[in-house]
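**Q** Dumping the structure here so I can ask a few things about it.
The values are calculated or read from the model by the stated rules, or taken from the named source; none is laboratory data. Everything quoted here is computed from the prediction, not taken from an experiment. Cβ placement follows ideal geometry from the backbone for every residue including glycine, while neighbour counts extend to all protein chains displayed. For the accessible areas, the whole protein counts, side chains as well, though only heavy atoms, and no ligand, DNA or RNA atoms are used. Shrake-Rupley method; radii C 1.70, N 1.55, O 1.52, S 1.80 Å.
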Amino acid sequence: MHLAATDSATTRHTPQSGFETASGANSGRRFMVVDDHPIMRDAIGQTLAMLSPGCHTEMTASLAETRRRLALGTNYDCVLFDLGLPDTNGFDGLSSIRDLRPDLPIVVMSGDIERDTIIQCLDLGAVGYIPKTMQADVIMNALRMIVAGHIYVPHELVTGGPLRTSDPIRLRRQACSDPRKMGLTERQIDVLRLILRGLPNKLICRELELAEGTVKVHVSAVLRALGVRNRTQAVIAASQMGLKVNH
């Protein structure tokens with residue numbers, strides 16, 4: 001893959017953004033790229049630098065180093081996580097990070113394009129999935145969508161292309177990038193935003209200072225509006241619709 005690459009240390013400063021605000025401000029954005037391949041790691045870092053001038057991107061090459069840094073409590077706008085790290089099974093590594101920092105949005109990057117793998121990552125709380133086997137321009141566009149605040153999953157996952165397993169998600173309503181036009185209230189949009197970040201109900205309650213029963217009602221309303229049955233399908237539907245919520 002040729003995106004952009006340079007020799008680099010484990011940690012680097014790069015331009016800025018992530019799940020952007022409505023104003024598009026880039027200042028203060030922070031990413032973590034977790035990948036054991038230096039060329040891929042640097043290429044992603046350089047691409048983020050180009051797409052999001054002024055951000056800070058940290059690089060790690062193992063689950064152990066990633067957990068050590070995340071345990072410091074630093075907030076990241078997005079963690080780009082390689083499913084094939086040498087010191088862990090992919091799903092176990094993803095679960096480990098989710099358990100340690102359930103507040104962080106995690107986008108998985110992997111050479112595995114099996115639909116079952118992608119669905120399982122989304123079930124485990126990932127907010128997106130970028131196959132490394134895609135063409136460089138497609139990966140660039142996927143990263144651009146992530147930086148701009150969108151959700152990205154492979155097009156084939158929602159259209160029923162070469163990926164194998166269950167039927168693709170098919171929307172019941174016309175695609176609409178504005179959740180307000182779907183009839184969602186501002187509070188329901190807040191809940192949707194946190195669902196797309198992969199937060200469980202308990203953390204949504206804490207973040208929005210709402211009772212658990214109230215959050216469950218809002219989650220149900222969001223799923224109905226998207227025409228889906230669960231959170232994983234909500235992430236896929238949001239990607240297909242190009243849905244944008246402010247983070």
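**Q** Translational D (Stokes-Einstein, µm²/s) of the range 89-134 at 10 °C and 1.306 mPa s when Rh comes from the Kirkwood sum over C-alpha pairs? Working shown, then result.
**A** Working: Rh = 10.6 Å.
It comes out at roughly 149 µm²/s.
**Q** Okay, moving on. Sorted by average packing, counted as other Cβ atoms within 10 angstrom per residue and highest first, what order do 178-187, 128-137 take?
**A** Values: 178-187: 14.1, 128-137: 17.6.
The most tightly packed comes first, giving 128-137, 178-187.
**Q** Could you pull the accessible area for Ser96 with a 1.4 Å probe, rounded to 10 Å²?
**A** The accessible area of Ser96 comes to roughly 20 Å².
**Q** Give, rounded to the nearest 20 debye, the magnitude of the charge dipole that the range 20-146 has about its Cα centre when Lys and Arg contribute +1 at Cβ and Asp and Glu contribute -1 at Cβ. Kindly include the intermediate steps, with their values, before the conclusion.
**A** On the way: 11 positive and 17 negative charges, 77 e Å.
Roughly 380 debye for the range 20-146.
**Q** To the nearest 10 Å², what's Phe81's accessible area with a 1.4 Å probe?
**A** About 0 Å², rounded to the nearest 10.
**Q** Please list the non-local residues whose amide H lies under 5 Å from the amide H of Val153, H modeled 1.01 Å from N, same-chain partners needing a gap of 5 or more.
**A** Distant-sequence amide H within range of Val153: Tyr129.
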